[in-house]
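Quick notes on the structure that follows.
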Amino acid sequence: MSEKNRLPVFRMLVAAAALLGTVSPLIEAAPVKVEAVISPKTESKLEFADGSKRYLLATQREGKATGNGPLAGATMLEWGTHDVTPGIGTLGNGYLVFTTNEGDVAYLKYQFRALPVPGSDGKPQNLVNGFWEVAGSTGKLKGLRGAGTVHINAVSPKERQWILEGDLVQVIEEQRK
């Protein structure tokens, strides 16, 4: 092929590639809001013997997720560690494991900070906020990606209401390449 003919062929290939790119399906992250009231399944506590009242709580809590998106209706299991210093605050982190009725699983990594403040009744309450991100997934949830915020409310001395808001998208293998 002569040098003169290469330029038009190259331009056609670039145009074809651009056209194919616009024909392929666009994937957009969708906003989600998932809530779950979770109760302890098992807990283990390391109490500091230095008079600080500080402790580390290793916990598994479980409940049913409601809301919208692919995690709604799944069972949510928290695997967490909470570093608690009474009067100062808590740093929590771990994983939330969402399992659908079909057995598909999404793993969300989370981190939060709880800060004690005076409540309207004069008793202390915690403001608990943080973030989450998808760490892995299986089955029909494979390729799930996303991130967002966490807000946690105390429902009772042991139960917690988790509110996760953010964006999720499912990226299939062919689109990741």
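The values are calculated or read from the model by the stated rules, or taken from the named source; none is laboratory data. Since this is a predicted model, take the numbers as computed values, not measurements. Counting neighbours? That spans all protein chains shown, and the Cβs are built from the backbone with ideal geometry, glycine included. The accessibility values were calculated without ligands, DNA or RNA, using every heavy atom of the protein model including side chains. Shrake-Rupley method; radii C 1.70, N 1.55, O 1.52, S 1.80 Å.
Structure notes:
- Point-to-point label distance, ASP50-LYS140, nm (Cα→Cβ direction, 7 Å offset): 5.0 nm
- Taking amide H as placed 1.01 Å from N in the peptide plane, GLY143 has its amide H under 5 Å from the amide H of SER137, each at least 5 places away in sequence or on another chain.
- Taking a ≥ b ≥ c as the square roots of the Cα gyration tensor eigenvalues, the range 97-157 comes out prolate, since a/c reaches at least 1.5 and a/b is larger than b/c.
- Each of GLU47, GLU78 has its accessible area taken with a 1.4 Å probe; listed largest first, they run GLU47, GLU78.
- For the range 73-174: lysine pairs under 26 Å (alpha-carbon distance), excluding those fewer than 8 apart on one chain: 4
- Gained length - LYS123 relative to ILE88, 0.36 nm times residue gap less alpha-carbon distance: 11.1 nm
- Among 114-121, 85-92, sorting by the average number of other beta carbon atoms lying within 10 angstrom of each residue, highest first, gives 85-92, 114-121.
- The range 46-169 - percent relative contact order, Cα under 8 Å, separation 6 or more: 15 percent
- The residues neighbouring LYS33, those whose beta-carbon lies less than 14 Å from its own, together hold a net charge of -3 under the Lys/Arg +1, Asp/Glu -1 convention.
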